[in-house]
Amino acid sequence: WAASGARHGLRVIVHVGCDALLDAERLARHAASVGVDGVSAMAPRFVKCENADALAAYCAAVARAAPATPFFYYHFPLATGVATKPSQLVRAALARIPTFAGMKYSDADMWEYGECCDADAAGRLAFLPGFEAQTLAHLPYHPQDAYGAISLSFSVLAPLHRDVADAFYGQRGAEAHALQATSRGFFRAVTPFGWTQAVKLALVD
């Protein structure tokens with residue numbers, strides 16, 4: 001992926017998080033050695049971090065294994081069961097992780113998304129939403145040239161969500177809402193079968 005990304009002008013961020021910190025550190029070192037653009041980690045799921053400081057300590061250890069590579073936290077409480085507020089993690093990470101570059105935010109809590117943006121007073125972090133069925137809710141927090149997202153369905157529906165953003169920033173509200181409704185319709189259709197499985201089948205077909 002690192003080599004292919006470089007050939008095609010794509011930035012590659014590798015998820016290295018593991019329940020075992022030693023494994024996460026090893027994967028981070030390897031990812032950095034092949035020249036990826038960033039490393040990322042979810043919170044451990046088995047022995048959970050009890051608060052934001054403990055989670056920041058885990059993230060800091062992973063980040064230290066790739067000291068010249070930007071580090072992104074992957075906030076996905078539905079998958080990890082970790083209830084730590086991501087805005088608290090942002091504040092703790094800014095204080096102890098020099099390479100902290102932002103977060104993939106896979107959560108429906110828009111209040112907390114705003115808190116994350118507020119915690120980044122200098123505006124230097126990238127907050128990358130991961131729930132594309134809520135694209136419209138995230139857009140007001142970002143100028144058009146600073147908006148980005150990382151989402152499963154982009155493998156097949158990236159143009160649709162690009163059009164949602166273009167309509168919003170172009171002040172075409174009704175069009176943006178209609179396009180977002182199409183996105184929600186996709187997820188209503190595939191949810192009974194599993195999002196990952198549905199997208200994989202669409203790519204095969």
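The values are calculated or read from the model by the stated rules, or taken from the named source; none is laboratory data. Since the structure is predicted, the reported quantities are computational estimates derived from the model, not experimental observations. Note that each Cβ is placed from the backbone with ideal geometry, even for glycine, and that neighbours are counted across all protein chains shown. Ligands, DNA and RNA are excluded from the accessible area calculation, which covers all protein heavy atoms including side chains. Shrake-Rupley method; radii C 1.70, N 1.55, O 1.52, S 1.80 Å.
Here are a few things to note about the model shown:
- Qualifying residue in the stretch 163-183 (condition: of a type in the set (Phe, Trp, Tyr) and farther than 15 Å from Leu152 by Cα): yes
- In the stretch 113-129, the residues that are closer than 13 Å to Tyr147 by Cβ form Cβ pairs under 6 Å with partners that are open to solvent by 60 Å² or more (accessible area, probe 1.4 Å), at six or more places apart or across chains, as follows: Cys117/Tyr141; Leu128/Ile150.
- Candidate set: the stretch 167-194, residues that are open to solvent by less than 80 Å² (accessible area, probe 1.4 Å) and assigned to a loop (DSSP other than H, G, I, E, B); chosen: the one modelled with the lowest pLDDT: Gly194
- Residue in the stretch 9-17 that is open to solvent by 50 Å² or more (accessible area, probe 1.4 Å) and part of a helix (DSSP H, G or I) present: no
- If only residues of the stretch 118-166 that are assigned to a helix (DSSP H, G or I) and among the polar types (S, T, N, Q) are counted, the one that is modelled with the lowest pLDDT is Ser155.
- Of everything in the stretch 29-83 that is among the hydroxyl-bearing types (Ser, Thr, Tyr) and not in a loop (DSSP other than H, G, I, E, B), the residue that is farthest from Leu94 (Cα to Cα) is Ser33.
- Residues within the stretch 188-204 that are touching a residue at least 40 places away in the same chain (Cβ under 8 Å) and more than 20 Å from the chain's Cα centre (by Cα), tallied: 2
- Residue within the stretch 123-136 that is under 29 Å from Ala63 (Cβ atoms) and surrounded by fewer than 15 Cβ atoms within 10 Å (Cβ to Cβ) present: yes
- Boolean, Gln197 is assigned to a helix (DSSP H, G or I), under 29 Å from Phe100 (Cα atoms) and either out of contact with any helix residue (DSSP H, G or I) (no Cβ under 8 Å at 6 or more places or on another chain) or open to solvent by 30 Å² or more (accessible area, probe 1.4 Å) (or both): no
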